[in-house]
Amino acid sequence: MPAANPTTDFARNGTGQNSSASKDLEAQIQQLRDDIAALTRSVAAVGNEKASEYKGKARRVASDAADASMQMVEAARDQALSMERDLERQIRTNPIQAVAIAAGVGFLFALLTRR
């Protein structure tokens with residue numbers, strides 16, 4: 001049995017079948033292009049959903065961090081106000097001692113800045 005020869009097979013089949021096969025091939029290629037475009041849109045949609053999800057998570061984390069920092073600022077402010085009230089009470093209770101301490105701190109500061 002002789003080996004198949006594409007040139008002679010083409011000649012035997014004629015151009016009618018070749019044209020039909022070409023159209024089928026073009027249709028399949030177009031279908032592949034459409035499928036790839038649809039797949040690209042699907043991947044983009046999933047990517048956008050994930051990006052939105054991560055953006056939402058980042059916003060929540062940032063909001064939680066901002067809330068925590070505001071709570072820490074409030075706690076520090078409350079503590080500073082409490083210390084101020086305690087110091088003021090100590091000064092009113094022992095004014096002579098407060099003046100002596102202030103003078104001592106001033107004297108030490110003057111010594112340190114001279115050198």
Worksheet item: Do you know which of the residues in segment 37-57 that are under 18 Å from the mean Cα position of the chain (by Cα) and open to solvent by less than 60 Å² (accessible area, probe 1.4 Å) is modelled with the highest pLDDT?
Response: GLY56
Item to complete: Report whether or not GLU26 is surrounded by 10 or more Cβ atoms within 10 Å (Cβ to Cβ), charged (D, E, K, R) and at pLDDT below 90.
Response: no
Worksheet item: Counting just the residues of segment 62-77 that are of a type outside the set (D, E, K, R) and open to solvent by 100 Å² or more (accessible area, probe 1.4 Å), which one comes out nearest to the chain's Cα centre (by Cα)?
Response: MET70
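The values are calculated or read from the model by the stated rules, or taken from the named source; none is laboratory data. Here the structure is a predicted model, which means the values were calculated and not measured. Don't worry about glycine lacking a Cβ; one is built from the backbone with ideal geometry, like all the others, and counts go over all protein chains shown. Heavy atoms of the whole protein, side chains included, go into the accessibility calculation; ligands, DNA and RNA do not. Shrake-Rupley method; radii C 1.70, N 1.55, O 1.52, S 1.80 Å.
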